[in-house]
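Encoded as structure tokens, the structure appears first; notes follow it.
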Amino acid sequence: MPWLGVDVGTSSTKAVVYSDAGRPLGSGRAATPWYTGPHGVEVDPMALRESAFAAIAEALRAAGEPVGGVGIASMGETGVLVDGHGAPLAPAIAWHDGRDGAEAERLVRDVDPASFTRRTGKPPTNQYALTKHRWLTAHVPASRAAVRRFNVAEWVARGLGADEVTERSLASRTGWLDLASAAFDPELLAWSGAAASLMPPLVGAGQPVGTATHPLLADAVVTIAGHDHQAAAVGTGVAGAGDLLDSHGSAEAVLRTVTAGLAAEQVEALAAAGITTDLGVQVGNWSLLGGTQGGLVLRHTLDELGVAWADLAELDAAALAADPGAAANGAGARWRAVIEAETGAAAERIATMARIVGPHHRLVVTGGWCASAAVLAAKRRLFGPLVVADVAEAGTLGAATLAARAAGALGPADILA
């Protein structure tokens, strides 16, 4: 029986149909329809849902056969507010939009920063949903009538006929969730102007949340596959305690899975180093996430050097031949210097995690930049022993795996392979 994995990301929605053996049978992609409004970057929730449906339809047409289930992963922080009829009341603000800077400053004044971090696993910044929600209630009056809030994956799933739910790892990215109790924090909800009733029931990733009624997927089991980085960890088989995933695409995400229940001091120390703590897609685990802009910096450097992706192997060869101690003169030496700096930043995240929670057991790297021989050489030198995952779209494979688990076709630790 085929399974569909969907990853609604910052740049695009990817949808892939997989066989029971994890072989891609058909894929689709649609750009995320952000636009820049008078206040910043946002998206029409209906347009976002329709773009996801377009990617799903393309994947199903390419596969040419029905699927037994669909798992949907997504970016975090961005949310959709709806009325009693399920209609959106406001644009969905991009997770990286900074319009809520004043709200973040107010959060630090109103809520003890150390207490906030120990409860949520986050530094008190404007990346998370609680400050964006406070901004919406102050600037978009219609949003005050909302009766439900959905994270992106839940919003898309709801359009397919799924139940109203909030998945745990996505809930962790809101800034409202208390890690220790795995429940929404009343004080933080009230601070942002959100009622507890706004939040649908919490569920785990891979838990069935209904049967699709949409014509594209009639009768398929639906599940939320969680935060996209954690879904990618499932897709590469490194979602267990002690596992570490380095996912290197447009950004570079270092994702470490640990047994739930870190001490508050550990959570605070991680946040101080720019590493957030979330509930894991697997109950009993927590997930540590440290990100860099490494992929974007590498892409920008290629553009500055005037090197096309097709010519990357030649530039890599020049970088590997360059003297690491010499000045960064010439394209190869400069490329090597940038790679070393960006890989070093990711290595610092890995070392910080190890210092605070102990060493990892295994490290898997994935993502488009693994195609660069010079990047991989730097990772091997600075990270230590690693395995390169042979997975084209780890997020969609993880989402499809969780769909198969939700339908009972796989056990709780099995993957499509």
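The values are calculated or read from the model by the stated rules, or taken from the named source; none is laboratory data. Since we're looking at a predicted model, the values are computed, not measured. FYI the Cβ positions are ideal-geometry reconstructions off the backbone, even for glycines, and counts take in every protein chain you see. Surface accessibility is based on the protein's heavy atoms, side chains included, excluding ligands, DNA and RNA. Shrake-Rupley method; radii C 1.70, N 1.55, O 1.52, S 1.80 Å.
When you scan segment 211-228, how many residues do you find that are open to solvent by less than 60 Å² (accessible area, probe 1.4 Å) and either assigned to a strand (DSSP E or B) or of a type outside the set (A, V, I, L, M, F, W, C) (or both)?
The number of residues fulfilling the criteria is 9.
Please go through segment 266-279 and give me each residue that is closer than 17 Å to Ile356 by Cβ and open to solvent by less than 20 Å² (accessible area, probe 1.4 Å), ordered by number.
Hits for segment 266-279 are Val267, Leu270, Ala271, Ile275, Thr276, Thr277, Asp278.
How about segment 112-151: which of its residues are aliphatic (A, V, I, L, M) and out of contact with any Lys or Arg (no Cβ under 9 Å at 6 or more places or on another chain)?
Matches in segment 112-151: Ala114, Leu130, Ala138, Val140, Ala142, Ala145, Ala146, Val147.
Which condition number does His248 fail, the rest of (1) within 18 Å of Val364 (Cα to Cα); (2) open to solvent by 40 Å² or more (accessible area, probe 1.4 Å) being met?
Against the list (1) within 18 Å of Val364 (Cα to Cα); (2) open to solvent by 40 Å² or more (accessible area, probe 1.4 Å), His248 comes up short only on (2).
Need pairs with beta-carbon distance below 6 Å; first residue within 18 Å of Lys379 (Cβ to Cβ) and within segment 316-328, second part of a loop (DSSP other than H, G, I, E, B) and modelled with pLDDT of 70 or more; sequence gap 6+ or separate chains.
Qualifying pairs under 6 Å: Asp316/Ser372.
Could you give me the residue pairs with C-beta distances under 8 Å whose first residue belongs to segment 171-200 and is on the phi > 0 side of the Ramachandran plot, whose second residue is basic (Lys, Arg) wherever it lies, and which are 6+ apart or on separate chains?
Gly175/Lys122; Ala182/Arg168; Gly193/Arg134; Gly193/Arg144
Taking the condition of being under 26 Å from Asn285 (Cβ atoms) and either modelled with pLDDT under 95 or assigned to a helix (DSSP H, G or I) (or both), how many residues in segment 159-179 meet it?
Summing the residues that are under 26 Å from Asn285 (Cβ atoms) and either modelled with pLDDT under 95 or assigned to a helix (DSSP H, G or I) (or both) in segment 159-179 gives 7.
Residue-wise test of (1) within 15 Å of Gly79 (Cα to Cα); (2) surrounded by fewer than 22 Cβ atoms within 10 Å (Cβ to Cβ); (3) under 22 Å from the mean Cα position of the chain (by Cα).
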{"site": "Lys132", "(1), (2), (3)": "yes, no, yes"}
{"site": "Glu164", "(1), (2), (3)": "yes, yes, yes"}
{"site": "Trp176", "(1), (2), (3)": "yes, no, yes"}
{"site": "Leu179", "(1), (2), (3)": "no, no, yes"}
{"site": "Ala190", "(1), (2), (3)": "no, yes, no"}
{"site": "Gly206", "(1), (2), (3)": "no, no, yes"}
{"site": "Val209", "(1), (2), (3)": "no, no, yes"}
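List every residue pair whose Cβ atoms lie under 8 Å apart, where the two residues are 6 or more positions apart in sequence or sit on different chains, the first residue falls within segment 219-234 and is at positive phi, and the second residue, located anywhere, is part of a strand (DSSP E or B) and open to solvent by 10 Å² or more (accessible area, probe 1.4 Å).
So the pair list comes out as Asp219/Thr211.
The conditions are (1) farther than 30 Å from Asp414 by Cβ; (2) open to solvent by 30 Å² or more (accessible area, probe 1.4 Å); (3) of a type outside the set (S, T, N, Q), and Leu107 fails exactly one of them. Which is it?
Unmet condition: (2).
Please specify each residue of segment 125-138 satisfying the condition of being assigned to a loop (DSSP other than H, G, I, E, B) and within 19 Å of Ala195 (Cβ to Cβ).
Tyr128, the sole residue that qualifies.
Given Ala263, Ala232, Ala241, which one is under 20 Å from Met353 (Cα atoms), out of contact with any strand residue (DSSP E or B) (no Cβ under 6 Å at 6 or more places or on another chain) and not basic (Lys, Arg)?
Testing whether each residue is under 20 Å from Met353 (Cα atoms), out of contact with any strand residue (DSSP E or B) (no Cβ under 6 Å at 6 or more places or on another chain) and not basic (Lys, Arg) leaves just Ala263.
Answer yes if at least one residue in segment 67-77 is under 23 Å from Ala233 (Cβ atoms), surrounded by fewer than 16 Cβ atoms within 10 Å (Cβ to Cβ) and over 18 Å from the mean Cα position of the chain (by Cα), and no otherwise.
Among the residues of segment 67-77, not one is under 23 Å from Ala233 (Cβ atoms), surrounded by fewer than 16 Cβ atoms within 10 Å (Cβ to Cβ) and over 18 Å from the mean Cα position of the chain (by Cα), which makes the answer no.
Any residue that is farther than 20 Å from Asp7 by Cα, modelled with pLDDT of 95 or more and among the small types (Gly, Ala, Ser) - is there at least one of those in segment 105-119?
Yes.
Per-residue answers, yes or no, for (1) under 29 Å from Arg23 (Cβ atoms); (2) assigned to a loop (DSSP other than H, G, I, E, B):
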| residue | (1), (2) |
| --- | --- |
| Gln230 | yes, no |
| Glu265 | no, no |
| Glu268 | no, no |
| Thr276 | no, no |
| Gln282 | yes, yes |
